[in-house]
Amino acid sequence: MPIFIMLMLCCNFNVLGQECPALTGPLNGANQVATTSSINWENIEGVPGYIISLGTTPGGTDILDQFNVGASNRYNPPTGLPENTEIFVTITLFFFNQPNIVCESQSFTTAPLTEVPNCTSLSNPINNAQDVNTATNISWAYAPGATGYLFTMGTTPDGNELVATTDLGNTLSYNPISDLPPETNIYVTIEPYNRIGSALDCTTFVFTTAPEAVLPVCTNLITPFNGETNVPLSPILEWNEVPNATGYRVSIGTTPFETDILNNAAFYRTSTMVIDFEPNRTFFIKIVPFNDAGEAIGCSQETFSTLLGCGPYYDPLTGELVVLNPDITFPDTVGICQNGSRNVISATDEADGYRWYSLDLDGNESLISTEANVSLDQTGEYIYEIYDIVEGSGGTIECSSSKVFRVEESTIATIENVRVTEMFDGLNFEIIVEGNGNYEFAMDDSEGPYQASNIFGGITPGTHTVYVRDINGCGVAEKTIQQDLTVEGFPKFFTPNGDGTNDFWQYRPKTDPEDVRLMSIFIFNRYGNLLAQLDPESVGWDGRLNGKALPESNYWFKAQFENKKEVRGYFTLKR
């Protein structure tokens, strides 16, 4: 929840939408709509508020005249809707920085009433309340289907000496002409009715008044004044002092029906500061003076609208801070080429505007470009700034973000070596480079894909070309290498197809090795799983595992000699 004096509010500003909302309940053209229905419409992204009118003709206001509901997309008629009537709903889109948009009327038809209403309940004072102020107003809940209320008030259960039975019409409150007698039981009967008849057997309510006392009167805002726009995001709220008030209860909401910003908080002065209201929005505020006798009665709600700001603002729905400043993805360091060619650095972010500054050794800034690209030929520190232009009720403002980055020299890479390691799943290449730059690496295609790692795995024997690219555009180095797994005496392939030729794979040295004897040979698949162990004196491996012929693929071997020397290699099984 927001906090006064140290208060942060949410901000979720969107580009203002121009489309009009459709009714979502009741739908446009609906029939037999209950008179107790609320009216709901689509929420249009970017629209700060809505004004609703209800009438019996297109654009009419005879039921409800231009009621501002703030950002809410719902209106609940407090006394219901008239029966058996086509009701026209006119939604006006409320804006701060452009004319309001009055949308085309939509309509629905209510159903006729079919029964008398139920009884109502007393809401102020509540039934059996004690020490009720003698100046109190009396209010009650809406009785669904009621089109009016008969009101009686006296000092005995059946009495009417204070108010004889009176038809108050379709209203939910009664303000006595004079104060009620002090320290007295007050009996109230409220009988809802419609054209079919009156509610039956309704309860008589009772409350007891307090000793006579003087309530304070209502107050009103001084700053911002009621209806003011372009109110700063951190304003001082100030209201008129009431002479006999002990304090003031303040409620603030983003719609007329909510107190989501401040709920009935007590202040013992006539002003308070608020930090960071949400921009570009209407707020509804009610200030009620109070003293020992009670609260002022009948105080009205006032409104004001804020101008636009960049944030950050606390969003109570997500619990996050929201800002209008653009996000920056620009790197901390960029490189320029030593060869003296034109070095153009490009913005990495979408924004309404750009600024590039150079920084000298003392930290002084010098503007060097206002384009999305900038040409730089000197190393050192620079500032990258982007900004968005946002339209608000107070005009346009600029929300910017910036960062310091460093320019360093880059060079094309020199490939010193390619280290090759034999693995069970192929060859590993490790590319060793030298140079003053930031590099990325690719295999066998100068167009990539490139990767940050200089190690490639699972490479098959043969001829390969490695590429090293400077990410700052200073050039691509390449090196071609030939790497075969040819080991003297171990065949590169065999064809176990039963034709009597090359059906077995076995060690076959061209000459007898001197004082070195082969002890055993192990054969593996590409995952390192042992498939066979060969005696060097045997006919060899027939390409089977547990009697089942294995598929064409690459296989690996490890040969162990008497002098503990190991030879690893690779061969191909062909069918």
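The values are calculated or read from the model by the stated rules, or taken from the named source; none is laboratory data. Bear in mind the structure is a predicted one, so any value in this text is a computation, not a measurement. Here the Cβ is made from the backbone with ideal geometry for all residues, glycine too, and neighbour counts use every protein chain on show.
Residues are listed down the side, and each one gets a yes or a no for (1) assigned to a strand (DSSP E or B); (2) over 32 Å from the mean Cα position of the chain (by Cα); (3) surrounded by fewer than 17 Cβ atoms within 10 Å (Cβ to Cβ):
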{"site": "S72", "(1), (2), (3)": "no, no, no"}
{"site": "I91", "(1), (2), (3)": "yes, no, no"}
{"site": "F108", "(1), (2), (3)": "yes, yes, no"}
{"site": "E115", "(1), (2), (3)": "no, yes, yes"}
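The selection criterion, being of a type in the set (A, V, I, L, M) and at pLDDT 95 or above, holds for A30. In segment 65-81, the residues that are outside the structural domain of A146 (by TED's automatic domain parsing) and of a type in the set (G, A, S) reach residues that are part of a loop (DSSP other than H, G, I, E, B) and surrounded by fewer than 16 Cβ atoms within 10 Å (Cβ to Cβ) with C-beta atoms within less than 6 angstrom, at least six apart or across chains, in these pairs: G80/T36.
A quick yes/no check of all residues on (1) closer than 30 Å to T411 by Cβ; (2) loosely packed, with under 12 Cβ neighbours inside 10 Å; (3) of a type outside the set (F, W, Y); (4) modelled with pLDDT of 85 or more:
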site	(1), (2), (3), (4)
V476	yes, no, yes, yes
K510	no, yes, yes, no
N546	no, yes, yes, yes
L550	no, no, yes, yes
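Each residue in segment 357-379 was checked for being surrounded by 15 or more Cβ atoms within 10 Å (Cβ to Cβ) and among the small types (G, A, S), and 3 of them qualify. Residue count for segment 339-351 under the criterion of being exposed (fewer than 14 other Cβ atoms within 10 Å of the Cβ), assigned to a loop (DSSP other than H, G, I, E, B) and over 31 Å from the mean Cα position of the chain (by Cα): the result is 4.
E241 - would you say it is under 16 Å from T134 (Cβ atoms) and of a type in the set (D, E, K, R)? Here the answer is no, as E241 does not meet what is asked. Can you tell me which residue is nearest to N40 (Cα to Cα) among those in segment 74-83 that are part of a loop (DSSP other than H, G, I, E, B) and touching a strand residue (DSSP E or B) at 6+ places or on another chain (Cβ under 6 Å)? Selected residue: L81.
Scanning segment 123-150 for residues that are aliphatic (A, V, I, L, M) and closer than 30 Å to A213 by Cα yields I126, A129, V132, A135, I138, A141, L150. Only one entry in E228, E191, E212 is on the phi < 0 side of the Ramachandran plot, of a type in the set (D, E) and loosely packed, with under 15 Cβ neighbours inside 10 Å, namely E212. You will find that of R568, R575, R526, R517, the residue that is exposed (fewer than 13 other Cβ atoms within 10 Å of the Cβ) and either closer than 29 Å to G458 by Cβ or modelled with pLDDT of 85 or more (or both) is R575 and no other. Considering only segment 51-70, state which residues are among the hydroxyl-bearing types (S, T, Y) and assigned to a loop (DSSP other than H, G, I, E, B). Selection gives T56, T57, T61. Tell me which strands (runs of 3 or more DSSP E) are completely within segment 354-470 and hold 2 or more residues being touching a residue at least 60 places away in the same chain (Cβ under 8 Å) and touching a Ser or Thr at 6+ places or on another chain (Cβ under 7 Å), or say none if there are none. Because the criterion is at least 2 residues that are touching a residue at least 60 places away in the same chain (Cβ under 8 Å) and touching a Ser or Thr at 6+ places or on another chain (Cβ under 7 Å), the strands (runs of 3 or more DSSP E) in segment 354-470 that meet it are 380-392, 395-410.
Taking segment 162-197 as the range and being within 51 Å of the chain's Cα centre (by Cα), closer than 25 Å to L215 by Cβ and assigned to a loop (DSSP other than H, G, I, E, B) as the test, the residues that pass are L168, T171, L172, N175, P176. Of Y314, Y354, all but one fail to be at pLDDT below 75 and surrounded by 15 or more Cβ atoms within 10 Å (Cβ to Cβ); the exception is Y314.
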